[in-house]
Amino acid sequence: KAGVTQTPRYLIKTRGQQVTLSCSPISGHRSVSWYQQTPGQGLQFLFEYFSETQRNKGNFPGRFSGRQFSNSRSEMNVSTLELGDSALYLCASTLGLAGGSGETQYFGPGTRLLVL
Amino acid sequence: AQSVTQLDSHVSVSEGTPVLLRCNYSSSYSPSLFWYVQHPNKGLQLLLKYTSAATLVKGINGFEAEFKKSETSFHLTKPSAHMSDAAEYFCVVSERARGTGFQKLVFGTGTRLLVSP
């Protein structure tokens with residue numbers, strides 16, 4: 001089985017622009033979670049999608065949004081980029097809802113976003 | 001709310017010596033606990049998980065962790081370090097979101113393991 005794939009792997013944007021990142025989960029997995037990883041804040045949960053619905057949300061501003069398609073692929077969008085949005089964005093897929101008893105999250109390699 | 005504390009930001013060992021990465025958790029109910037490893041410029045890989053079965057959990061690459069409820073700890077150990085073990089390690093607890101009841105993962109701040117020849 002193919003693992004979790006994320007595109008693009010690297011991205012450079014300027015302040016004020018918007019960006020869309022894509023995540024394809026493991027075949028058959030229905031949940032996709034997104035995380036932001038920075039040296040200062042560590043790994044922070046952004047949101048989780050399950051069956052095309054946002055099921056869980058972290059403490060990020062509304063500039064961060066996402067969606068999930070019927071094939072479970074997910075996209076996250078960041079509008080009006082700020083310098084502080086520079087980070088590694090990781091997505092993870094789970095068969096069922098993430099964090100459930102016994103559920104394992106499988107992570108993709110991440111998209112490294114640099115905002116200039 | 002659940003939380004995780006990784007007691008050491010960096011741990012240095014010599015190849016062939018034991019590894020101990022410490023993790024304490026806070027949870028109001030029986031938690032699920034995980035250890036993940038992240039190699040440079042890579043995503044996270046699951047090492048092992050505890051889900052209220054056996055308290056001693058064996059994972060991949062010779063790692064294991066013991067769940068100690070009385071100490072609220074879930075330390076990661078390995079008898080003999082290998083150079084390829086050099087990476088960042090994250091202790092993770094599942095947290096139930098208020099209101100919705102859905103669970104999400106809460107990550108520790110990570111411990112960087114350095115292995116010298």
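Just so you know, all these numbers are worked out from the coordinates, no wet-lab data involved. These numbers were taken from a predicted model, which means no experiment stands behind them. Positions of Cβ are backbone-derived with ideal geometry, glycine not excepted, and every protein chain shown enters the neighbour counts.
Give B:LYS42/B:LYS68; A:LYS13/B:LYS49; B:LYS58/B:LYS104 a once-over and call out the pairs whose C-alpha atoms are over 28 Å from each other. Walk me through the numbers before you get to the answer.
Working: B:LYS42/B:LYS68 30 Å; A:LYS13/B:LYS49 37 Å; B:LYS58/B:LYS104 23 Å.
Check vs 28 Å cut-off fails for B:LYS42/B:LYS68; A:LYS13/B:LYS49.
Give a residue-ordered list of calculated ³J(HN,Hα) values for the range B:55-64 (Karplus: 6.51 cos²θ - 1.76 cosθ + 1.60, θ = phi - 60°; whole Hz; x for Gly, Pro).
6, 9, 10, 9, x, 7, 6, x, 7, 8
In nanometres, what is the gap between the two model label sites at A:SER79 and B:LEU114, each 7 Å from Cα along Cα-to-Cβ?
My value for the distance between the label points is 4.5 nm.
Quick check: convex hull of the Cα atoms in the protein assembly as shown, volume per residue, rounded to a whole Å³?
Working: hull volume 28.8 nm³, N = 233.
It comes to 123 Å³ per residue, whole-number rounded.
Can you list residues whose amide H is under 5 Å from B:GLN2's amide H, if they're 5+ apart or on another chain and H is modeled 1.01 Å from N?
B:ARG96
Based on Cβ point charges of +1 for Lys and Arg and -1 for Asp and Glu, what charge dipole magnitude is obtained for chain B about its Cα centre, in debye rounded to the nearest 20?
Numbers: 11 positive and 8 negative charges, 79 e Å.
The calculated dipole for chain B is roughly 380 debye.
Starting from a Cα-only point model with no solvent, please compute log10 I(q)/I(0) by Debye for chain B at q = 0.13, 0.18 1/Å.
-0.47, -0.87
So what are the radius of gyration and Dmax for the Cα set of chain A, in Å?
Reported Rg and Dmax, both Å: 13.3, 41.
Using the Cα centre as the reference, give the magnitude of the dipole from point charges on the C-beta atoms of the range A:41-116 (Lys, Arg: +1; Asp, Glu: -1; all else neutral), rounded to the nearest 20 debye. Before the final figure, lay out each step's value.
Working: 6 positive and 6 negative charges, 11 e Å.
Here the range A:41-116 has a charge dipole of around 60 debye.
In terms of the Cα gyration tensor, with a ≥ b ≥ c the square roots of its eigenvalues, is the range B:41-98 rounded because a/c is under 1.5, prolate because a/b exceeds b/c, or oblate? All intermediate terms of the calculation are to be shown ahead of the outcome.
Details: a/c = 2.24, a/b = 1.34, b/c = 1.68.
Oblate, since a/c reaches 1.5 and b/c is not below a/b.
Taking the Cα centre of the protein assembly as shown as the origin, how large is its charge dipole in debye, to the nearest 20, when only Lys and Arg (+1) and Asp and Glu (-1) carry charge on their Cβ atoms?
Details: 22 positive and 14 negative charges, 99 e Å.
Dipole of the protein assembly as shown, to the nearest 20 debye: 480 debye.
What distance in nm separates the two pseudo spin-label positions at A:ARG9 and A:LEU116, each 7 Å out from Cα along the beta-carbon direction?
So the two model labels end up 2.1 nm from each other.
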